[in-house]
Amino acid sequence: MIPGSETMLEARDIRLSFGDFVALDGVSLSFRRGGVTGIVGPNGAGKSTLFNVLGGQVRPQGGAVIYAGQDVSHLPAHRRARRGLTRTFQISRELGALTVLENLMLAFPRQPGEAVLPIFFRKTAVRQAEEEAIEHARALLERVNLWRLADAPAKTLSGGQKKLLELCRALMLEPGFVLLDEPAAGVNPVLVGEIADFIRTLQGEGMSFGIVEHNMDMIAALCDPIHVLAEGRVLTSGTFAEISANAQVTDAYLGGVA
Ligand code: ADP
Ligand code: MG
């Protein structure tokens, strides 16, 4: 961990079981403010489950989630998102039928005052908010070179373009922290590089990230610190060089494959 660095998001002693199966067995770890923190580990280690707990999609049986110094454990996902803590979601089959631009517009929060304003002002306010949302979406899509595909159905995008769209959808909420679950999975190497560059640019603008990824080139290029999860526990944490040199980490991966 970089000395003097501040924690933005923290999991404290998270415990979660599915029936008799213990998926998260007292997980405590933190994500750096302004940083890109990595989570690695073999399949079934509990990485996605941990992100579901942090994002508020799943309630753990024990432990707490602290975001920006506040306990958000009791907040549902949409209220965490309103505070700036969000995550990407895979584009579902239903959303795949919508265009790229429509996918971003759906991510835009409902407009304030829609129900209370008189009809004339309501229309004006809604139209204005919608125009702002389109401008915001356009700016994002231009940054990732997808604006030219704004009217294409999302399902026609390549694997990497879909990942960029998922990220842009999360960015519509102007978050402070984004959780990315396997942003490089099924993506060709050129686009993996573009996704990594975009994440680094956003980091430079002050955004913080947590990334689960099996692509070690991406982890090595972006993440510090990196937490290694195995069988629902934190095995070790450190820089890429530190975890690579740790024999326990190699064993965990071999154990996961066997
Ligand atoms: P990872 O993302 O590290 O590959 P997951 O967090 O998806 O692992 O899953 C961790 C373990 O919890 C796996 O053994 C998985 O089968 C189990 N699991 C995940 N979600 C559920 C669920 N909804 N019901 C039962 N078991 C689950
Ligand atoms: Mg997973």
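I'd like the full set of residues that are within 23 Å of Ala11 (Cα to Cα), open to solvent by 40 Å² or more (accessible area, probe 1.4 Å) and within 16 Å of ligand 2 (Cβ to nearest atom), limited to region 182-215. Answer for region 182-215, where residues must be within 23 Å of Ala11 (Cα to Cα), open to solvent by 40 Å² or more (accessible area, probe 1.4 Å) and within 16 Å of ligand 2 (Cβ to nearest atom): Glu182, His214.
Only one residue in Ala23, Ala64, Ala77, Ala68 is within 16 Å of ligand 2 (Cβ to nearest atom) and in the same structural domain as Glu242 (by TED's automatic domain parsing). Which one? Write out each step before concluding.
Details: Ala64 fails: within 16 Å of ligand 2 (Cβ to nearest atom); Ala77 fails: within 16 Å of ligand 2 (Cβ to nearest atom); Ala68 fails: within 16 Å of ligand 2 (Cβ to nearest atom).
Result of the check over Ala23, Ala64, Ala77, Ala68: Ala23.
One residue stands out among those in region 34-61 that are open to solvent by 20 Å² or more (accessible area, probe 1.4 Å) and part of a helix (DSSP H, G or I): the one that is nearest to ligand 2 (Cβ to nearest atom), which is Ser48.
Taking the listed residues Pro189, Pro225, the one that is assigned by TED's automatic domain parsing to the domain that holds Arg82 and closer than 30 Å to Glu6 by Cβ is Pro225, with no other qualifying.
No other residue among Val72, Val100, Val58, Val53 is under 30 Å from Gln248 (Cα atoms) and in contact with a helix residue (DSSP H, G or I) (Cβ under 6 Å, 6 or more places away or on another chain) apart from Val58. Filtering region 1-41 to residues that are in contact with a helix residue (DSSP H, G or I) (Cβ under 8 Å, 6 or more places away or on another chain) and either at pLDDT below 95 or within 30 Å of Glu205 (Cα to Cα) (or both) leaves Leu9, Ala11, Val27, Gly34, Gly35, Val36, Gly38, Ile39, Val40, Gly41.
Specify the residue that is nearest to Leu254 (Cα to Cα); the eligible residues are those in region 191-217 that are within 16 Å of ligand 1 (Cβ to nearest atom) and outside any strand (DSSP E or B). Outline the logic, then answer.
Residues of region 191-217 within 16 Å of ligand 1 (Cβ to nearest atom): 210-216.
Next, from what is left, pick out any that are outside any strand (DSSP E or B): 213-216.
Working: Glu213: 17, His214: 14, Asn215: 16, Met216: 15 Å.
Selected residue: His214.
The values are calculated or read from the model by the stated rules, or taken from the named source; none is laboratory data. Nothing here was measured: the structure is a model prediction, and the numbers come from that model. Every residue, glycine among them, receives a Cβ derived from its backbone with ideal geometry; neighbour counts consider all protein chains shown. For the accessible areas, the whole protein counts, side chains as well, though only heavy atoms, and no ligand, DNA or RNA atoms are used. Shrake-Rupley method; radii C 1.70, N 1.55, O 1.52, S 1.80 Å.
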